[in-house]
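Student: What follows is a single structure, and I will ask about it in a moment.
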Amino acid sequence: LGRSPPFHAITADVCWNCRDLRAFNARLSEALQSLTSDYNKAGSYILDLEDRVRRVSEKSNENVQKVVEISREKEARIVAAARALQLRAETAEESSRKAKIISSEAARSLQEIRALVEFLGSSLTMSQNQVREER
């Protein structure tokens, strides 16, 4: 009756099989702790990577927004400059048309002045001739 079961071999009050199982259990516990630690580190690393990806994505979105804003500003400047050039061109065309009208009127006035000068010249000549005849 006081005997141990056949798989228990007791030496110095410790069963060899139990001692081996305890050592195996301790190694398993250490391995489990190591795996848990590695799993937690991997989880932290994944969270860190996700955070980095989020920050890079946010920065990228900010940069895209800045590029869009700058592009819109430059587009607005280009459109304004084009409108100003178009207005200047229209003003130049209008000025050119007015200059042609003025030039045409000036040529007509010059012809009228020449005709008047010729008339005055001939009238003066006639008046001088009349004065001479009267003397």
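Student: With labels modelled as points extended 7 Å from the Cα through the Cβ direction, what inter-label distance (nm, one decimal) is found for Ala31 paired with Glu50?
Tutor: Placing both labels 7 Å along Cα→Cβ, they lie 3.0 nm apart.
Student: Let me ask something else. Could you tell me how many degrees, from 0 to 90 and to the nearest 10, lie between the Cα long axis of helix 16-134 and the main elongation axis, the longest principal axis, of the Cα atoms of the chain?
Tutor: Between helix and principal axis, roughly 0 degrees.
Student: Of the options Ala89, Phe119, Ser37, report the single residue whose Cα projects farthest towards the positive end of the charge dipole of the chain (beta-carbon charges: Lys, Arg +1; Asp, Glu -1).
Tutor: Ser37
Student: With each label point set 7 Å from Cα along the Cα-Cβ vector, what nm distance links Ala23 and Ala115?
Tutor: Spacing of the two 7 Å Cα→Cβ label points: 13.7 nm.
Student: Run the Debye formula on the Cα coordinates of the stretch 81-135, all scatterers equal and no solvent, and tell me log10 I(q)/I(0) at q = 0.24, 0.26, 0.29 1/Å.
Tutor: With no solvent term, the Cα-only Debye profile gives -0.87, -0.92, -0.98.
Student: In terms of Cα to Cα distance under 19 Å, which aspartates and glutamates are near enough to Lys66, apart from those fewer than 8 places away along the same chain?
Tutor: Counting by Cα, and skipping residues close in sequence, Lys66 has these aspartates and glutamates nearby: Glu58, Glu75.
Student: Select from Asn63, Leu21, Leu47 the residue farthest towards the positive end of the dipole of the chain; place +1 on Cβ of Lys and Arg, -1 on Cβ of Asp and Glu, and compute about the Cα centre.
Tutor: About the Cα centre, the residue reaching furthest to the positive side is Leu21.
Student: OK, next. Please give the calculated 222 nm ellipticity per residue for the chain, where each DSSP H segment of at least 4 residues contributes -39500 (n - 2.57) and the sum is spread over every residue; nearest 500 deg cm²/dmol?
Tutor: After summing the helix terms and dividing by the residues of the chain, the value is -34000 deg cm²/dmol.
Student: Sticking with this one: Provide, in order from the shortest bin, the percent of all Cα-Cα pairs of the chain in each 10 Å bin, continuing until the bin that contains the maximum pair distance.
Tutor: 9, 10, 9, 9, 8, 7, 7, 6, 6, 5, 5, 4, 4, 3, 3, 2, 2, 1, 0
Student: Then there is this: Charges at C-beta only: +1 for Lys and Arg, -1 for Asp and Glu. How large is the resulting dipole of the chain about its Cα centre, in Debye rounded to 20?
Tutor: Dipole magnitude for the chain comes out near 200 debye.
Student: If you don't mind, another one. Cα to Cα, under 18 Å, and not fewer than 8 places away if on the same chain: which aspartates and glutamates meet these conditions relative to Lys98?
Tutor: Of all the aspartates and glutamates, those that pass the test against Lys98 - Cα under 18 Å, at least 8 places apart if same chain - are Glu90.
Every read-out reported here was derived from the displayed coordinates using simple, explicitly stated rules and does not represent laboratory data. All values derive from a computational prediction rather than experimental measurement. Neighbour counts run over all protein chains shown; Cβ positions are idealised from the backbone, glycine included.
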